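Here the structure is laid out as structure tokens; the discussion comes afterwards.
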There are 4 protein chains.
Amino acid sequence: MAFGTSRFAEQGYHPTSVSEIVTGLGVGKGVFYWYFDSKEQLFLEILRDAQTDLRRRQQQAIAEEDDPIRRIELGLRASLAWAEEHRDHNRLIQFAATEATFVGALRRGQDIAVADVVRHVKEAIAQGRIRDDADPDLLAHAMVGVAGHLTRTFIYERGEAAGGVADSVVAFCLRGILGDP
Amino acid sequence: MAFGTSRFAEQGYHPTSVSEIVTGLGVGKGVFYWYFDSKEQLFLEILRDAQTDLRRRQQQAIAEEDDPIRRIELGLRASLAWAEEHRDHNRLIQFAATEATFVGALRRGQDIAVADVVRHVKEAIAQGRIRDDADPDLLAHAMVGVAGHLTRTFIYERGEAAGGVADSVVAFCLRGILGDP
Amino acid sequence: MAFGTSRFAEQGYHPTSVSEIVTGLGVGKGVFYWYFDSKEQLFLEILRDAQTDLRRRQQQAIAEEDDPIRRIELGLRASLAWAEEHRDHNRLIQFAATEATFVGALRRGQDIAVADVVRHVKEAIAQGRIRDDADPDLLAHAMVGVAGHLTRTFIYERGEAAGGVADSVVAFCLRGILGDP
Amino acid sequence: MAFGTSRFAEQGYHPTSVSEIVTGLGVGKGVFYWYFDSKEQLFLEILRDAQTDLRRRQQQAIAEEDDPIRRIELGLRASLAWAEEHRDHNRLIQFAATEATFVGALRRGQDIAVADVVRHVKEAIAQGRIRDDADPDLLAHAMVGVAGHLTRTFIYERGEAAGGVADSVVAFCLRGILGDP
DNA sequence: AATGAATGAGTATTCATTCAT
DNA sequence: GATGAATGAATACTCATTCAT
């Protein structure tokens, strides 16, 4: 799975052949099909694991925090930290979103992740810290968009450190949900 | 190109065969290769056209506006309007970002688009309307991230109207660049 | 026909497309099929013309000569001279011998050419100048083989002048039919 | 390789498709590409093997013989015997000479074969048995030409036995190199 | 006479998958 | 558990040929 992840991320899912994977691993084709039903299933499994892992990371980060705003911040920071370490998985997630075969599998995981944020936003609204005319769902997605795009641009493309980028992401997002221009 | 765009968007670039395209069009395989050197070139041509068209739309939207903040807003609204009408092209752009063969072609167009926004942000900073410790580049990308993600989620997935989503995008982004939490 | 000949000779019959021929000539595909029924027919026509032309050259060379041995010599020299000027046609003849579609068309012309030489040999045998236990047909083909191979090796590959090579061909062949080791 | 040889020889290299070869063999298309990189490579491999085999046959034939003239004779006889048994390979060699892609591969083998004969001729000249004004290279090629052409005409086309044709080839060639008309 | 867009059968080649060993 | 030879449907692409203009 690790090797497949790196090949898929580097060249794309379709341009990577099962042959290439097993050859690169120095094993026969048989073992591939012993462990996976198909190339598609390998991809799906990688995808599931990645989403599970990211989720765990986010949960751990906010576990001890009661303040919803702080939980949002910690969640964002955890996401960026994870993204920095899982460049390849992140690329695969991005690709999965572009192909009919995989969107379904992707959706569930992303829905769960967003639902978390939505919960925090709602709590903050209840506490009167975010305007109550705001749509929690929209705010959550906006923050996901900021985090994702800045990760790809500044961490992946420009090689900046996740910590610094996270500061900016948090700043922008908190202003976005709390600010009053 | 129109038909290819829709097939590519629906099933993905690789799962769509040249055969399928020409059959769906009711023409022979030869015509395809009369007009395009390869399947790859067709994709590249679609990509280029899409980026050119979006750019034109943005330029037209801000042509008469002097205020940089208003230009940012109009640019965002124009992007969402275009995205609503060019769902398929947008998906192709997303896919292009995931495959080595196409990233190069994509980059240039996106760099130009972001450069525009950066210019407006800098102008607003010069006017003292945005804190001068902000990184214009980062702010620009953050807004691109918000617009892109909310478009995909609310316009494409949930079928909401571009106008309403644009209001939210603008609100979030302006708070993000101007707000003081 | 001239252009086709050169392309066929340079790259081979199959690797040369009709498209390449008409493009190289700056004309449309229509004209090609106005003058020739097919690519195959063009080749056949080139082949026929080449054989006719070679034959004419040989006939002219021996027209005024009565001595059969001298006629053989003059015929050989004429063949080499023609071959020097018609490198491309010669290559096509060689190719034609390797493909089922063309062997038939080739045979006739070659039979005629050999028959000429056979006639001279028989005459020389009748005059008692060549041993009467010799097979005229075999002697004729042997000489054709010498002429053909030395042409390809020394004139085509090594770029030597036809005149000098012809001297050697004649010397070897005359010893071959007359000599007594 | 055996089946490919016969198809190539019968219809020509280009008119023979990989499809036809694997179908005729009752195997899947994949096996072909498991053993050969391409159709071209199959041809090249056949060519190389044929040349190697012919060479070995010639070497064996002359191994125990000291007299250079006798070595020439034995070499010619070995060549004709081989040619009788390898009709198809011989045709392929002939075709290879007409296409740019293959001439290179052909040349080396033929150069080696001729170099052998040249060596014998030179030795015979040194022994004073062949006129010392003769060009060994030319004599060698002349003999190759005789052997090749008579093989094709009398063995392949007319179905005569290699033994009888070899007698004629040897007689003609020895007169050609030794005779004094 | 000539053009060149259009056809579609045909080509070499790839690759996910199977299965006897 | 593991191998890798074998399968064959599928792919991108070519090209001789046609025909409306």
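The values are calculated or read from the model by the stated rules, or taken from the named source; none is laboratory data. Computed from a predicted structure; not experimentally measured. All Cβ positions, glycine included, derive from the backbone under ideal geometry; neighbour counts span all protein chains shown. Just the protein is used for accessible areas: all its heavy atoms, side chains included, with ligands, DNA and RNA removed. Shrake-Rupley method; radii C 1.70, N 1.55, O 1.52, S 1.80 Å.
The table for this structure:
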item: Copies compared at B:Ala63 - label distances in nm, ascending, label defined 7 Å from Cα in the Cβ direction; result: 5.9, 8.2, 9.1
item: Förster radius 60 Å - calculated FRET efficiency between C:Asp37 and D:Arg119, Cβ distance, rounded to 0.05; result: 0.70
item: Using alpha-carbon coordinates, inclination of helix A:162-178 to the longest axis of chain A, degrees; result: 40 degrees
item: Test item: C:164-175 mean partner chain Cβ contacts at 10 Å; result: 4
item: GNM result for chain C, Cα springs below 10 Å: residue of C:Asp66, C:Asp53, C:Asp133 fluctuating most strongly; result: C:Asp133
item: Other-copy label distances relative to D:Ser17, 7 angstrom Cα-Cβ extension, nm; result: 1.5, 1.7, 2.1
item: Mean ellipticity per residue at 222 nm, deg cm²/dmol - from DSSP H runs of n ≥ 4 across chain C, formula -39500 (n - 2.57); result: -24500 deg cm²/dmol
item: Euclidean distance between Cα centres, region D:87-140 to region B:1-69, Å; result: 60 Å
item: Exam field: A:Gly163 pseudo-label spacings to other copies (7 Å along Cα-Cβ), nanometres; result: 4.9, 9.0, 9.5
item: Ratio Rg/Rh [Cα only; Rh per Kirkwood] for region D:105-181; result: 1.02
item: Acute angle (nearest 10 degrees) that the helix C:87-96 long axis makes with the longest principal axis of chain C, alpha-carbon atoms; result: 90 degrees
item: Beta carbon of chain D nearest to the axis of the rotation taking D to A, residue and angstrom distance; result: D:Gly30, 4
item: Segments A:162-175, C:100-113 sorted - mean Cβ within 10 Å per residue, highest first; result: A:162-175, C:100-113
item: Test item: D:144-151 mean partner chain Cβ contacts at 10 Å; result: 6
item: Region B:51-178 - percent of accessible surface contributed by carbon and sulfur, probe 1.4 Å; result: 47 percent
item: Dmax and Rg, reported as Rg then Dmax, of region D:1-81 (C-alpha, Å); result: 17.4, 53
item: Trypsin sites (Lys or Arg not before Pro) restricted to region B:116-160 and DSSP loop, no more than 16 other C-beta within 10 Å; result: B:Arg129, B:Arg131, B:Arg158
item: Between helix B:100-126 and chain B: long-axis angle, C-alpha atoms, 0 to 90°, nearest 10; result: 20 degrees
item: Separation of the B:Phe3 and B:Arg56 label points, Cα + 7 Å toward Cβ, nm; result: 2.4 nm
item: Dimensionless Rg over Rh [the protein assembly as shown; C-alpha; Kirkwood]; result: 1.23
item: Phi-based couplings in Hz for region A:28-34 (Karplus 6.51, -1.76, 1.60; Gly and Pro marked x); result: x, 5, x, 5, 4, 7, 6
item: Bins of 10 Å from zero: percent of alpha-carbon pairs in region B:51-178; result: 13, 44, 34, 9, 0
